[in-house]
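The values are calculated or read from the model by the stated rules, or taken from the named source; none is laboratory data. Worth saying up front: this structure is predicted, and the values here are computed from it rather than measured. Using ideal geometry, Cβ is built from the backbone for each residue, glycine included, and neighbour counts are taken over all protein chains shown. When the accessible area is computed, the model is the full protein with side chains, heavy atoms only, and any ligands, DNA or RNA have been set aside. Shrake-Rupley method; radii C 1.70, N 1.55, O 1.52, S 1.80 Å.
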Amino acid sequence: MYYGSRAIILKSLDYQDADKLVTIFSEREGKIRAVAKGVKKPKSSLRAVLQPFTHSFLYLSRGRDLDLITQGRLLDFYPRIREDLGSTLYTAYIMELLDKSLVERAPLGPLYNETLQVLNYINDKGAKSLVIRYFEIRLIQELGYRPVLEACAACGQKNLTTRFNLAEGGVLCHDCAGFLKTDFMLSGEAFSLLKFLQRADWKSLDRIKASSEALSSLEQLLEKYLEYHLESRFSLKNTIYQLKKSLPGAFDKG
Ligand SMILES: [Zn+2]
């Protein structure tokens, strides 16, 4: 069976001979692993089309284990992301996050569009940690793990604390906080920011002012929450931490 779909290239690895093994997030089929023949040859027309975090239209033929990419056309290469180390690393982290969290052949149209939005945003305006947090929140929501913040995640009461419990998937009330574990303590500002970002859209992001403390608190919470649900470490995020340490001032703080 042959089919065509828009796709975001998550990962591209060397395979047999001049072939590549490519992991894509396709609009039509969700995450797919596919082989592209002869891509490493200099004249291959698929070379540019299959670079990581490229947006392409691909033609594929379905295989038993792996699909075969037969043709492709470039839709967007996001050149400004590639010119900037910080933007490149943040984008690589997003690709890693998608690769680890998506299930093969489970289409997620809304998340596909959110991913295009974040790529366009970073390409136009550069990487900001607020934007990465926003994307993580969209991802969590589309995967069906939206944190409960309006009422106690355990009992539904409204007398809330900002104590977050991972297993219950949200904040606890004063009663439940007495006997359930606090996995993460949010500041008042970080709690408001999380609540706001859950309802925000891409257009409103530029108007949000958040302190670096609130952003870093949210980063830690979302990392724990993603790990809890996805049960895997995100190696590229560690790479970003390492680079942040070695290149002070090279990364956007807000
Ligand atoms: Zn409660």
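General remarks:
- Of all residues in segment 65-92, those being β-branched (Val, Ile, Thr), farther than 11 Å from PHE53 by Cα and open to solvent by less than 40 Å² (accessible area, probe 1.4 Å) number 1.
- Helices (runs of 4 or more DSSP H) contained in segment 60-155 and holding at least 2 residues at pLDDT 95 or above: 79-82, 109-125, 129-142
- Single unsatisfied condition, ALA210 versus (1) open to solvent by 10 Å² or more (accessible area, probe 1.4 Å); (2) outside any loop (DSSP other than H, G, I, E, B); (3) modelled with pLDDT of 90 or more: (2)
- Inspection of segment 13-25 finds no residue satisfying the criterion of being modelled with pLDDT of 90 or more, closer than 19 Å to ASP76 by Cβ and either of a type in the set (Gly, Ala, Ser) or surrounded by fewer than 16 Cβ atoms within 10 Å (Cβ to Cβ) (or both).
- Within the span defined as segment 129-146, every residue fails to be within 16 Å of the ligand (Cβ to nearest atom) and not β-branched (Val, Ile, Thr).
- The listed residue being modelled with pLDDT of 95 or more and not β-branched (Val, Ile, Thr), out of SER5, SER45: SER5
- Residue within segment 217-227 that is surrounded by fewer than 16 Cβ atoms within 10 Å (Cβ to Cβ), small (Gly, Ala, Ser) and either at pLDDT 95 or above or away from the ligand (no atom under 13 Å from the Cβ) (or both) present: no
- Here LEU160, LEU180, LEU172, LEU205 are screened, and the one residue that is more than 10 Å from the ligand (Cβ to nearest atom), assigned by TED's automatic domain parsing to the domain that holds TYR112 and in contact (Cβ under 8 Å) with a residue 12 or more places away in the chain is LEU205.
- Sole residue being over 17 Å from LEU116 (Cβ atoms), free of Cβ contacts under 8 Å to residues at least 60 places away in the same chain and assigned to a loop (DSSP other than H, G, I, E, B), chosen from PRO42, PRO52: PRO42
- Matching option when the condition is away from the ligand (no atom under 16 Å from the Cβ) and in the same structural domain as LEU222 (by TED's automatic domain parsing), among ALA106, ALA151: ALA106
- Residue within segment 190-197 that is assigned to a loop (DSSP other than H, G, I, E, B) and either free of Cβ contacts under 8 Å to residues at least 24 places away in the same chain or away from the ligand (no atom under 16 Å from the Cβ) (or both) present: no
- Hey, ALA167 within 16 Å of the ligand (Cβ to nearest atom), of a type in the set (Gly, Ala, Ser), on the phi < 0 side of the Ramachandran plot and at pLDDT below 95 or not: yes
- Residue within segment 119-127 that is under 16 Å from GLU219 (Cα atoms) and more than 16 Å from the ligand (Cβ to nearest atom) present: yes
- Looking only at segment 26-60, residues that are open to solvent by 30 Å² or more (accessible area, probe 1.4 Å), out of contact with any Pro (no Cβ under 8 Å at 6 or more places or on another chain) and closer than 19 Å to LYS100 by Cα come to 3 in all.
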